[in-house]
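First comes the structure, then the notes that go with it.
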Amino acid sequence: MSAPDLPSGSPLRISASGFMAYLDCPSLFGARLDGKYGAESLASFRGALAHAVFARHLEGGEIADHEFDNVCRRAIGGSVINYKMANLGLGITGVRETIAEVGEMYQRFKKLPSDGFRSSEVHLEVGFGDDVTLLGRIDAVYDDAGGGVRLVDWKSGDLGSVGQQLNFYALLWWKGTGSVPETIEAFSVQSGEQFRAHPTVADVQATAAQVAELVRTIRHSEEANEPLGRVPGMYCQYCPILSECSEGQAAARVASA
């Protein structure tokens, strides 16, 4: 895949979550560039802990019931999860309840087949033209039954609209390895919902075009000193720049009604 023809500018790092934020609202992506993020949530803390437990299971084998609590506490203390817990102000009871909820998800997770497992929490970072880097973490990589690989994203809540996120991972994989993954998949360990697709080169190129448009939009905003566009939606109630956005405030009122 040839490098896109993009305007140059200051270094720009685009993660999977940043890409999704841009698709929701360009100004939300701009806020992330300025280091502004939404407040921590209990769901985010629970999800981060669940992902750590799933990775521990895949890499180290099944976690015994009598070890589960200590495994969770070590995961919290030795990673960014501890930062999330501190920001939430969770006490002993809150942590205990969250560990119990993650334990319920783990009981379902460990029943999933692990055939063809390669590795977990695979970090990819690839160049995308001058001064632009794409990055993301793939929860698990498996050998696919049809050949190639299957990229899996675990969800600890509802699936939501995951297709674009998975397409971004497929783009990362293609840029990093030179091949398109055979399968991209999201699975909710909480609900059992599943999304699966078989991306083509055309699909990955379409995602690359979306990323290129993101870069052009940011570069134009910087050069012209113009604000990024705002697109109100259900996500506005969690936006870090809600106080600056009348459109978002109106959307947040509707969402909370």
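The local environment of residue 116, defined by Cβ-Cβ distances under 14 Å, has a net charge of -3 under the rule Lys, Arg +1 and Asp, Glu -1. For mean projected area of the Cα convex hull in nm², the candidate list reads (1) 13.1; (2) 14.9; (3) 16.2; the entry that matches the value derived from this model is (2). Packing, taken as the mean count of other beta carbons within 10 Å per residue, orders the peptides 66-74, 209-217, 166-174 from highest to lowest as 166-174, 209-217, 66-74. For the peptides 196-205, 114-123, 52-61, the ranking by mean Cβ contacts within 10 Å, running from highest to lowest, is 52-61, 196-205, 114-123. Among complete DSSP H helices in the chain, those whose alpha-carbon atoms stretch at least 18 Å along the helix's long axis and whose mean Kyte-Doolittle hydropathy reaches 0.0 are 42-60, 201-224. When peptides 241-251, 131-141 are ranked by their average number of other Cβ atoms within 10 Å per residue, the highest-first order is 131-141, 241-251. If R0 is 22 Å, the Cβ-Cβ spacing of residue 126 and residue 210 corresponds to a FRET efficiency of close to 0.90. All other residues with a Cβ under 11 Å from the Cβ of residue 11 taken together, and with Lys, Arg as +1 and Asp, Glu as -1, what is their net charge? Here the count lands on -1. Between residue 36 and residue 107, the contour length at 0.36 nm per residue exceeds the alpha carbon distance by 22.0 nm. Among the listed pairs 84/155; 84/110; 36/110; 155/175, those with a Cα-Cα distance over 28 Å are 36/110.
The helix-based estimate of mean residue ellipticity at 222 nm for the chain, built from -39,500 (n - 2.57) per DSSP H run of four or more residues and divided by its residue count, is -15500 deg cm²/dmol to the nearest 500.
A short reminder: the numbers here are calculations on the coordinates, not readings from a lab. For clarity, every value in this text was computed on a predicted model and none was experimentally measured. With ideal geometry, Cβ positions are generated from the backbone for all residues, glycine too; neighbour counts draw on all protein chains shown.
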